[in-house]
Amino acid sequence: MKQTRFTETQIVNILKEAENGIAVADLLRNHGISNSTFYKWRSKYGGLEASELKRVKELEQQLSEYKTMVAELSHDNRALKSLIEKKL
């Protein structure tokens, strides 16, 4: 995965500056980011606070763990069904 120069908290702070009335062109120049990067960030992180961002990351981690558990259980279920079919 591509490494970024900015942490998610920094991204949220840059977006907050834009919401507070600083011109987007000035933000882009000051932080050295492109126009498309800014608008991608805004679509992904727009309206989030730093605390909300932390909670979203925790939920994504928990969802990933649940998906792994479901995949393992589905695999076990298929294995048991094939074993039962072979015995019959």
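The values are calculated or read from the model by the stated rules, or taken from the named source; none is laboratory data. Note that the structure is a prediction, hence the values are computed from the model and not measured. Glycine gets a Cβ as well: all are built from the backbone with ideal geometry, and neighbour counts include every protein chain shown.
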Give the residues of region 5-20 that are within 11 Å of HIS31 (Cα to Cα) and under 17 Å from the mean Cα position of the chain (by Cα), sorted by residue number.
ARG5, PHE6, GLN10, ILE11
Evaluate region 2-21: report whether one residue or more is touching a residue at least 40 places away in the same chain (Cβ under 8 Å), part of a helix (DSSP H, G or I) and among the hydrophobic types (A, V, I, L, M, F, W, C).
yes
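Quick check on my filter: what residues within region 49-87 are under 30 Å from ASN20 (Cα atoms) and of a type in the set (Val, Ile, Thr)?
VAL56
For region 32-58, which positions are within 14 Å of PHE6 (Cβ to Cβ), at pLDDT 85 or above and in a helix (DSSP H, G or I)? Quick ask: steps written out before the conclusion?
Applying the first criterion (within 14 Å of PHE6 (Cβ to Cβ)) to region 32-58 yields 32-34, 37-38, 40-42, 44-45, 50, 53.
Narrowing the set further to residues that are at pLDDT 85 or above leaves 32-34, 37-38, 40-42, 44-45.
Hits for region 32-58 are THR37, PHE38, LYS40, TRP41, ARG42, LYS44, TYR45.
Please go through region 48-88 and pick out each residue that is acidic (Asp, Glu) and over 30 Å from THR9 (Cα atoms).
GLU72, ASP76, GLU85
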